[in-house]
Structure formats: structure tokens, C-alpha cells
1. For a distance above 12 Å, tell me the whole-number percent of Cα pairs in the range 192-231 that qualify.
2. Can you run phi through the Karplus equation (6.51, -1.76, 1.60; θ = phi - 60°) for the range 246-253 and list ³J(HN,Hα) in whole Hz, with x for Gly and Pro?
3. Stretch L180-A136 to full length: gain in nm at 0.36 nm per residue minus the Cα-Cα span?
4. Run the simple label-point estimate for D83 and E217 please: 7 Å along Cα→C-beta, distance reported in nm.
5. Simple spin-label model, 7 Å along Cα-to-Cβ: T144 to R104 in nm?
6. Based on the Cβ-Cβ distance from T161 to S234, what FRET efficiency comes out when R0 is 25 Å, to the nearest 0.05?
7. Percent relative contact order of the range 52-252, based on C-alpha pairs within less than 8 angstrom and at least six residues apart?
8. Stretched out fully, how many nm does the piece from K249 to D71 gain, at 0.36 nm a residue minus the Cα gap?
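Read-outs throughout are calculated quantities, based only on the coordinates presented, and are distinct from any laboratory measurement. The structure displayed is predicted, hence computed values, not measured ones. Cβ placement follows ideal geometry from the backbone for every residue including glycine, while neighbour counts extend to all protein chains displayed.
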Amino acid sequence: MVQQLTPDQIEALLVFYRDAGVDVALDETAIDRFAEGEAELAARQRAAAGEPPPPKAAVLAAREAARSATDLDALKAILEAFDGCALKATASRTVFEDGARQARVMFVGEAPGRDEDLAGKPFVGRSGQLLDRMLAAIGLDRNTNAYIANVIPWRPPGNRTPTPQEIAICEPFIRRQIELKNPDLLVCVGAPSTETLMGLKGIMKSRGRLQPYQLGERQIQAIATLHPAYLLRSPIAKRLAWRDLLTIKAVLER
């Protein structure tokens with residue numbers, strides 16, 4: 001006889017699966033994961049066949065395109081039309097932003113993952129859920145007073161680390177996005193964002209310290225913090241992230 005689970009037991013089981021990293025349920029029909037990999041490879045080959053601009057030319061084209069944007073909507077349209085980065089061909093969609101454009105604080109991560117690629121918004125997977133809880137702890141949420149973006153707007157295949165070339169091509173767009181957003185405080189989430197935007201290596205040494213960030217003729221403050229994905233792997237580091245959050249809160253309360 002099959003035991004019927006209570007609603008509380010079902011909820012507890014789902015939480016267990018989530019914490020264990022289970023993100024897909026088995027279907028009644030088989031799914032050919034090899035075919036999915038072949039499809040991704042074919043997409044990369046199609047991108048290569050399109051002969052995107054050489055690295056230097058692509059970076060120059062990105063700078064010129066980003067510079068031409070006069071507001072965030074224009075920048076989003078320009079980014080969606082830009083074909084100088086091969087990542088675009090293998091991604092489902094461009095992940096440009098989420099949150100309140102009027103917010104005083106802007107958070108910038110590295111690149112979209114699988115969940116973000118499907119949703120078209122940054123930080124919506126397990127890392128995003130943890131980020132939301134972290135923001136809530138200091139009175140922030142993406143619907144009213146926090147703005148979120150990524151250095152890379154397209155998911156790298158297999159969630160691999162973006163190459164230096166890909167970062168160089170995308171960097172003009174995120175820097176222009178920061179300029180147009182014009183926050184009072186920039187928060188770099190994780191090592192890649194910190195190195196790209198603040199020029200600092202070693203997230204453990206860089207995190208938690210306010211640094212100047214030149215925003216056109218205006219100078220704002222920037223701070224690095226640990227990525228939620230790292231905190232999920234190393235919960236003991238949450239105490240360090242909490243200190244960073246308190247610094248962020250103090251800056252916004254001035």
C-alpha cells in the first residue's frame with residue numbers, strides 16, 4: 001500500500017530536493033541529453049559560421065554601440081541587436097536587467113545561468129533566491145529599491161566561465177548600463193564582476209571595502225561582496241557577506 005504524504009511532508013520533501021540541487025523531475029518519456037548537447041554544439045558551429053568580428057574589432061564595435069545609447073531602453077535594444085559576441089548565438093535570450101531603475105544601489109553579477117537564461121532575468125535561480133533573502137535582511141528588494149544586472153548578458157554554454165575575450169566585448173555595455181542607471185552605490189557580486197569593474201583581484205581581500213568608482217564626471221562608491229553561489233557551497237562565509245550587507249545598508253542610510 002502506497003503511503004499518502006501530508007501537505008507538510010510534501011513541502012519538506014520538496015525543500016530537501018531543492019537543497020540537494022535537484023532542479024528537474026523525471027518524465028514518463030526519456031530525454032536524450034546527448035541530443036541536447038549536440039544541439040548546443042550545432043548552435044556554436046552556426047555562430048562560428050557567421051564569422052563574428054575579430055576580437056579587437058568586436059570590442060571597438062561594442063564600445064561604439066554602447067556609447068550611442070542615451071537611456072537604458074536604448075541600450076537594451078542595442079545589446080539585443082549586437083552580434084559581436086558568439087555567446088549570443090548559444091543563449092536563449094539576452095539577460096539585461098531586473099529590479100527598480102530608480103534604486104540607489106546597483107548589484108552586478110557575472111553571467112546568467114540556466115534559470116536566468118530561461119527567465120530572461122538575472123539572479124532567479126537558487127543563488128538569486130538567496131540574494132533576495134540577503135537583500136531583504138537590510139530592507140532591500142528588487143521590486144522597489146534594488147537594481148540587478150550582469151557583466152555578461154548571455155549565458156555561456158554549460159555555465160562555463162566567460163573568456164577574457166567575451167568579457168572584453170561585453171564590458172562596454174555593462175559600464176554604459178551603470179552610467180545610465182547612475183546609482184549612488186555599485187555592488188560587485190563575486191570575483192569576476194569585482195575584477196572587471198573595480199580592477200581588484202582576490203575577492204576575499206577585496207570584499208567589504210568601499211572604493212571610489214568614476215561615473216562620468218561623478219564619483220560614486222563601489223563595494224565587492226561574495227557571490228550567493230559561493231555562499232551556498234560555503235555557508236560559513238555568510239558571516240562575511242553579512243558584514244558587507246551592513247556596510248551597504250550604512251551607505252544607503254547616509
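1. Summing the P(r) of the range 192-231 above 12 Å gives 59 percent of all pairs.
2. 5, 5, 4, 4, 5, 5, 6, 8
3. 13.3 nm
4. It is 3.9 nm.
5. Spacing of the two 7 Å Cα→Cβ label points: 1.5 nm.
6. With a Förster radius of 25 Å, E is 0.85.
7. Contact order relative to length: 23 percent.
8. Gain in length upon complete extension: 61.3 nm.
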